[in-house]
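Please read the structure below before turning to the comments.
The values are calculated or read from the model by the stated rules, or taken from the named source; none is laboratory data. Just so we're clear, the structure is a prediction, and the values are computed from it rather than from any experiment. With ideal geometry, Cβ positions are generated from the backbone for all residues, glycine too; neighbour counts draw on all protein chains shown. Note: areas computed on protein heavy atoms with side chains; ligands, DNA, RNA excluded. Shrake-Rupley method; radii C 1.70, N 1.55, O 1.52, S 1.80 Å.
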Amino acid sequence: MTRFAVLAVLAALPFAVVAAPVPEPPAPEPFGPSGIVSRAELDALKFDSRAVPESERTGARVERAKREVQKKLVEDDGAPPKVRPANPYDVGVHMPAVRLFAGDPVVAYFVVRNNRDEELYLDGRLNFADGAPKACNDCDLRLTDARTGKPAGVRMQQIESSRHDELVIPADGFYCAKGDLGPLPAGEYELDWRCGAFRSAPVRFRVFDRDGPARPVARAERPGYAFFRLGEDHERERQEFDRADRGELVRRLVALEPLEAHEFAAALASGSAADSCAFVPDVRDIPSRDKHVVVSVDWHPYRSGDRIAVTLRAAPPFEVVRFDELPHLHLQVEAPAAHERARQRFGAISKKLEPVTDFVTPLTVEAHVPEGWREALGSGETARVAVVVTAREPQLPSEGLRKAFDKIERVGHPECPTWAGAVRGEFAELRLPPPAP
């Protein structure tokens, strides 16, 4: 066959164009891989906040007067003067992955950095604790089509609250919340958010179509949670406190105090429960261990109320971890209506400062939960319950920062680390009592 004959045969074949496959997006950057974001990760973020004109804040509840913004030199003990940014605080968005497939989660971290050596009070906050994203008070979020500038994706629910100080950030501290804005159809998007007088620089990301079958783009329902503080019950007749030389065992009679889910989430996101060393951006992703401790929980039902044995052990083998105060316990209940039912039965707990102690691992805290607490969660069904353990008492935004802690001088121990973090035991499914006849 001559060359011309071969060309004639090829010309007779049907012409087809094969599209190049979409390249696999790179793996997301490691950021808070265990569910806890470290201070070092937040310090490494770049901020490019923009001042918000008053026209964009029309209709928002602005209650605090603007202060003159200027550079501030702060003298540290034994250190050269620290040049602080001109802004009193900065707002930023961090996305570990900016190339995604349609149907994938769109994960973003919303961060506020306090640039001053004093507490920062902001009347605005993004709230993802209940699953559906909400913007509280003087705050908003923008997800737009990068080509048209029109709003895209999930709609934010705007909430006006009468409660002051919706966000409290410690001096030189951070606030870090995690949200999932997906799934999104294929396209190019821009994401930014505003808190008070500053807006973050926009982050651009792209969503590709899949070569294979597309995943469903409907938003999956996320369960709501109720939270309870387990505090010392001073009204019950007796209290037990036993302590061994090693293998600590502390028995406590506790009372339950219902907490607002979005306030508890904000307290963990601001690092107030961990000396601003560990930040919990999403209450659904609290790990059972960190680099220092691992937690386990045993449930023991009694007629007079459940007993919860919470044990903290050193995560590294053959090491000892110290606690400079008794860890604080909270219940996380997967029952959306549990908070309202429990509020009618249980009230606030009168809190007092725990004395500074000298506990070491392994440490077991046995909490005697009051009788009838399961009835407060519901009846005729089951509930998933977990125990959240924090090194410090989380400071709710409505309470402000408790300055009494500043009077306690915490002494470090060079021979062993001191725990300052937050962990959560595994969820247990508890059977609730049958409905009353």
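General remarks:
- Of everything in region 73-97 that is of a type in the set (A, V, I, L, M, F, W, C) and out of contact with any strand residue (DSSP E or B) (no Cβ under 9 Å at 6 or more places or on another chain), the residue that is modelled with the highest pLDDT is 86.
- Residue in region 110-124 that is exposed (fewer than 14 other Cβ atoms within 10 Å of the Cβ) and at pLDDT 85 or above present: yes
- Candidates 412, 372, filtered to the one that is modelled with pLDDT under 80 and either open to solvent by 10 Å² or more (accessible area, probe 1.4 Å) or within 27 Å of the chain's Cα centre (by Cα) (or both): 412
- For residue 58: the one exception among (1) hydroxyl-bearing (Ser, Thr, Tyr); (2) open to solvent by 20 Å² or more (accessible area, probe 1.4 Å); (3) modelled with pLDDT of 90 or more: (3)
Okay, residues lined up against (1) among the β-branched types (Val, Ile, Thr); (2) within 17 Å of residue 250 (Cβ to Cβ):
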{"position": "269", "(1), (2)": "no, no"}
{"position": "279", "(1), (2)": "no, no"}
{"position": "283", "(1), (2)": "yes, no"}
{"position": "301", "(1), (2)": "no, no"}
{"position": "304", "(1), (2)": "no, no"}
{"position": "310", "(1), (2)": "yes, yes"}
{"position": "314", "(1), (2)": "no, no"}
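- Test: residue 43 is over 19 Å from residue 140 (Cα atoms) and at pLDDT below 85: no
- Inclusion of residue 357 among residues that are at pLDDT 70 or above, open to solvent by 10 Å² or more (accessible area, probe 1.4 Å), polar (S, T, N, Q) and in contact with a Leu (Cβ under 7 Å, 6 or more places away or on another chain) is not warranted.
- Residues (small (Gly, Ala, Ser), modelled with pLDDT of 90 or more and either more than 18 Å from residue 200 (Cβ to Cβ) or crowded, with 20+ Cβ neighbours inside 10 Å (or both)) located in region 125-178: 171, 173, 177
- Exclusive hit being within 16 Å of the chain's Cα centre (by Cα) and modelled with pLDDT under 95, set 319, 325, 260: 260
- Residue match in region 211-233 (condition: open to solvent by 70 Å² or more (accessible area, probe 1.4 Å), more than 30 Å from residue 136 (Cβ to Cβ) and at pLDDT 65 or above): yes
- Checking each residue of region 383-392 against the condition of being surrounded by fewer than 18 Cβ atoms within 10 Å (Cβ to Cβ) and modelled with pLDDT of 70 or more gives at least one match.
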